[in-house]
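Participant: Have a look at this one before I ask anything.
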Amino acid sequence: MPEYRYVTLDVFTSAPFGGNQLAVFPDAGGIPEGALLQIAREFNYSETTFCYPPADLSHAARVRIFTPGAEVPPPRYHRGSAAGGGCRIAQTEAR
């Protein structure tokens, strides 16, 4: 079974265990497309974020967000800054 590196974060809080849980995969490039939703369902967090190299080099990452039910389409990223920040934190911690 393949292994993928991930980080879990509490966002929207200043207290440990007080915020919204977020799973972040800082390098999702090797994860098969069909596994993304399965992974999000396994975590059962309100959001699981998968980070890829940016298509536009002026950006830090390309991000895909999944809930346990479906992928969130980019125009509807209501928490995009949190997800993007989560990618950045996870990338830093993964080093």
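Laboratory data are not the source of any read-out in this text; all were calculated from the coordinates shown. These numbers were taken from a predicted model, which means no experiment stands behind them. A quick note on method: Cβ atoms are made from the backbone with ideal geometry, for glycine too, and the neighbour counts reach across all protein chains shown.
Participant: Pop out the ³J(HN,Hα) list for segment 17-26 in order, Karplus 6.51 cos²θ - 1.76 cosθ + 1.60 with θ = phi - 60°, rounded to Hz; leave Gly and Pro as x.
Facilitator: Result, rounded to whole Hz: 6, x, x, 8, 6, 9, 9, 10, 9, x.
Participant: In what sequence, highest mean first, do 6-14, 51-59 appear when ranked by Cβ atoms within 10 angstrom?
Facilitator: Descending packing order for the listed peptides: 6-14, 51-59.
Participant: Could you sort 40-46, 28-34 so that the peptide with the highest average Cβ count within 10 Å comes first and the rest follow in order?
Facilitator: 40-46, 28-34
Participant: Okay, next question. What residues qualify as long-range amide H neighbours of Ser46, i.e. H under 5 Å apart, gap of 5 or more or another chain, H built at 1.01 Å from N?
Facilitator: When sequence neighbours closer than 5 places are left aside, the close amide H contacts are Gln21.
Participant: Right, another one. In sequence order, what are the phi-derived ³J(HN,Hα) couplings for segment 35-42 according to the Karplus relation 6.51 cos²θ - 1.76 cosθ + 1.60 with θ = phi - 60°, rounded to whole Hz, with x for glycine and proline?
Facilitator: 8, 4, 5, 4, 5, 4, 5, 5
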